[in-house]
1. At a Förster radius of 41 Å, what calculated FRET efficiency corresponds to the Cβ-Cβ distance of Leu49 and Lys103, to the nearest 0.05?
2. For every helix of n ≥ 4 consecutive DSSP H residues, a contribution of -39,500 (n - 2.57) applies; sum these over the chain, divide by its total residues, and give [θ] at 222 nm rounded to the nearest 500 deg cm²/dmol.
3. Taking only protein heavy atoms and a 1.4 Å probe, what accessible area per residue, in Å², does the chain have with all protein chains in place?
4. With r as the distance between the Cβ atoms of Asp85 and Thr11 and R0 = 25 Å, compute the FRET efficiency 1/(1 + (r/R0)^6) and round to 0.05.
5. Roughly how many Å is it from the Cα centre of the range 56-98 to that of the range 1-52, as a whole number?
Amino acid sequence: QIFQRLQTEGTYVRSGTLWCSMIIDQTLTQPAIAYALGRQVGGAVQRNLLRRRLRELLKTKSSKVLPGWYLIGAASGATKLSFTDLGLQVDSLIERCAIKAKK
């Protein structure tokens, strides 16, 4: 049900190879984050590695993420990024989400 809400009501944000659909929900105490990494991103090993990297990066930056529902996805180029470059794109994505949430 939440995925359908994200599709119909969610705000879409993109930064580099990453994208996010979000619904800000102040009733939550922390962000609820899911990942949509399809086969176009790469094979299972590449997708799982990318998911683990994104999860770790978002855990370290969780204080900057507003409470709400987030679905995060990536384009195929994301698997080729270094951990540092991926971190920069995550920072940019979080910043853009915060800007869109204020509008």
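1. For R0 = 41 Å, the calculated efficiency reads 0.75.
2. -14500 deg cm²/dmol
3. Accessible area per residue: 61 Å².
4. Once the sixth-power term is evaluated, E becomes 0.50.
5. Comparing the Cα centres of the range 56-98 and the range 1-52, I get a distance of 10 Å.
The values are calculated or read from the model by the stated rules, or taken from the named source; none is laboratory data. Being a predicted model, the structure only gives us computed values, none of them experimental. Quick reminder, even Gly has a Cβ in these numbers, built from the backbone with ideal geometry, and neighbours come from all protein chains shown. We work out accessible area using only protein heavy atoms, side chains counted, and drop any ligands, DNA or RNA first. Shrake-Rupley method; radii C 1.70, N 1.55, O 1.52, S 1.80 Å.
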